[in-house]
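Scroll down for the structure; my scribbles are underneath it.
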Amino acid sequence: MLIVLEAFDARLTVGQAKVQVGANIEVSKLSEHISHDEVTGCVDPRDSRKLMVASLMSDKNHTDFRSILYVSGDGGKSWSIGVNSADRRLDPACAYGWNGDAYFVSAGASVEMNEFYRFRDGDQSWSGPYTMAGGDRPYIAVDGTQGKYRGRIYVNSGVQLEHLDPSVFSDEAASRTVTSIGLFRSLDEGRTFLGPATKIGPPVASRDLPRGQYRIVQNCNSVVLSDGTLVTLLRQFETNGKQEVSGSLKILRSSNGGESYGDAVKISEYSSDWLKFSSKDTVPNVAVDPGSGPFSDNLYGVWHYTKKDSHGKSVGQVSVVSYSSDKGNTWSTPERIDNATDINPGSHDEYQPTVAVNKDGVVGVMWYDGFDDSSTMGYWVRFTASLDGGQTWSPSVRVSEAPNKIGGTEEWHLRGWTTGAEANSPLKIFVRPFVWEASGHTAGLVADANGVFHAFWVDNRTGIKEVWTAPIAVGGPVIKNGANELASFDDLSSKTKIDIDNINVDRVSGRLSATFQLTNISEQTIIGPLKLRILNMESDLGAPQILNAENHVSGFGAVLDLSDSFAGPVVLQPHQQSSGKVLEFKIDHLGPLRSDGNWNTHLLSITARLFGKIQR
């Protein structure tokens, strides 16, 4: 339910979650002379002491990345090296098995294969590498359920690579196009793999597109639902001649143990601009609620996109989250993650969002919060949590004790390449300092068996990019519908609409009032009490507050009682309309309309859910 008042990103947040961030710990201390980028993490689902972090690393002036795996047996306090590749490796990922075994995969020296490593619980060394087809951004998922596929190991990867005109891109990694998602499965604890089962491909080969354009299907991570269904996230998009990226996010599901994928389900549209996409690209990721509480099997997807103004100009990167409460069949409208009151929306970029869910159903999201001033640019790491299944989020907190900075004394990795000569044209030779602004395409966030989150990221506070971690504890009850008094209510948002009338605003004090009137648009009878819970509230002209909430909350999480708009019993027959109730707001620092505002300016924009009862 979206309620909008037009005028012809400031936010206030309230949440019960209490977030405590532990001390930052250097994961890559044993390799502190080597630069790191791009991390993924995992935790043993049975043992909170066992953690792993996979990362890319490269020596100065080294043109190729290598992959490395760090292992902790004491909950992240100290780290050792598990796997250290000697040759070119990309896109590392890791996972623990249901029995305590550990697994590591990376794209191998050939762009058409992956390399897989296995550590048997109790052994003292890793075995491998074992090779399989594929080669673009592999991920590992393990079935830890009690179902018939328990223990199966899944590796999903991009397959069937096509090479484009190298003059369009600056390096080999960027010149690949993934034309399909491949799913490999192991029935013997990683000794052998079957597959791949494939799904999704562009309708035409990228080499047939005009110069400077291409089409891609990008592999993202997978999770396993409680019934053993595997869910794989993917991004399908293309570029155009204006250097814009557009497409959509989708999921694929396998309910037969990885033998095949079903039809894709769309989550959301996706858009970016190529310059920002190249430097701050985030591989979207998905997490599942593993518990047995009110949000069990809820899916949560996070990604970032380029926000544009009314003239189509890029104004920054925005991180968003969408959730599904029906195992991926339908998804909520994406909502912005960042709600920190100490940050001016639009003055910074949000990228590298990463999501995890703990055993209690607490959803955590971490991201890189960018900054760009006159002398340096870079990012801090921030975190927020949701106790109501992704409907509202706690005020975000800073996780990193120091920022990643670019524009000072950071180490440069120098790279060179040439483009092939065309007829009557000279060779072009380039040398550039390579400093990955987003530190790769992935960051790491996991939740251990005790419910503690562990964040993994990269920053250069020591003068070189290293991998860091911090534990994050989130306190507060996980409650259906976000409040004890609403936990037993039905969600009536799709069965009702709200008409708004008698809108008045005092532009000096910023006080605003409006009459809200309910209509039952369903064929069922609705009975009260009727409560409107605020999930999100914004104004383009100031900072909004609610003045007459039942629970005395002035922002997110406010509960408004609409029952007293009825003269008698709180009953709405099909297609019946209630009497109106006056709700009161205040817009702090109410400003004038912008020159490009007019019809596009929101005086007040509210996302809410209506709760009550269906008469049965």
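The values are calculated or read from the model by the stated rules, or taken from the named source; none is laboratory data. Predicted model only: the values in this text are computed from it and were never measured. Backbone-built Cβ (ideal geometry, glycine too); neighbour counts: all protein chains shown.
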*Gly291 being in the same structural domain as Val265 (by TED's automatic domain parsing) and either at pLDDT below 95 or over 17 Å from the mean Cα position of the chain (by Cα) (or both)*: yes
*asked:* Considering only the range 565-575, I want to know if a residue exists there that is within 23 Å of Ser394 (Cβ to Cβ) and of a type in the set (Val, Ile, Thr).
replied: no
*Could you list all residues from the range 571-591 that are crowded, with 18+ Cβ neighbours inside 10 Å and assigned to a loop (DSSP other than H, G, I, E, B)?*
Ser578, Gly580, Leu590
*Could we say that Gly82 is more than 23 Å from Ser439 (Cβ to Cβ), of a type in the set (Gly, Ala, Ser) and surrounded by fewer than 24 Cβ atoms within 10 Å (Cβ to Cβ) here?*
no
*Is it the case that Val446 is touching a Cys at 6+ places or on another chain (Cβ under 8 Å) and either part of a loop (DSSP other than H, G, I, E, B) or not aromatic (Phe, Trp, Tyr) (or both)?*
yes
*Does the range 85-130 hold any residues that are among the hydroxyl-bearing types (Ser, Thr, Tyr), buried (at least 18 other Cβ atoms within 10 Å of the Cβ) and under 22 Å from Asn219 (Cα atoms), and which are they?*
Tyr96, Tyr103, Ser106, Tyr117
*Scan the strands (runs of 3 or more DSSP E) fully inside the range 12-112 and keep the ones with 1 or more residues being modelled with pLDDT of 90 or more and over 19 Å from Ala473 (Cα atoms).*
35-43, 51-58, 66-72, 80-84, 90-96, 102-107
*Among the residues of the range 398-411, is there at least one that is modelled with pLDDT under 90 and outside any loop (DSSP other than H, G, I, E, B)?*
yes
*Before we move on, is Phe430 at pLDDT below 90, assigned to a strand (DSSP E or B) and of a type outside the set (Asp, Glu)?*
yes
*Tell me, please, whether a residue that is more than 28 Å from the chain's Cα centre (by Cα), over 19 Å from Ser578 (Cα atoms) and not assigned by TED's automatic domain parsing to the domain that holds Leu445 can be found in the range 511-527.*
yes
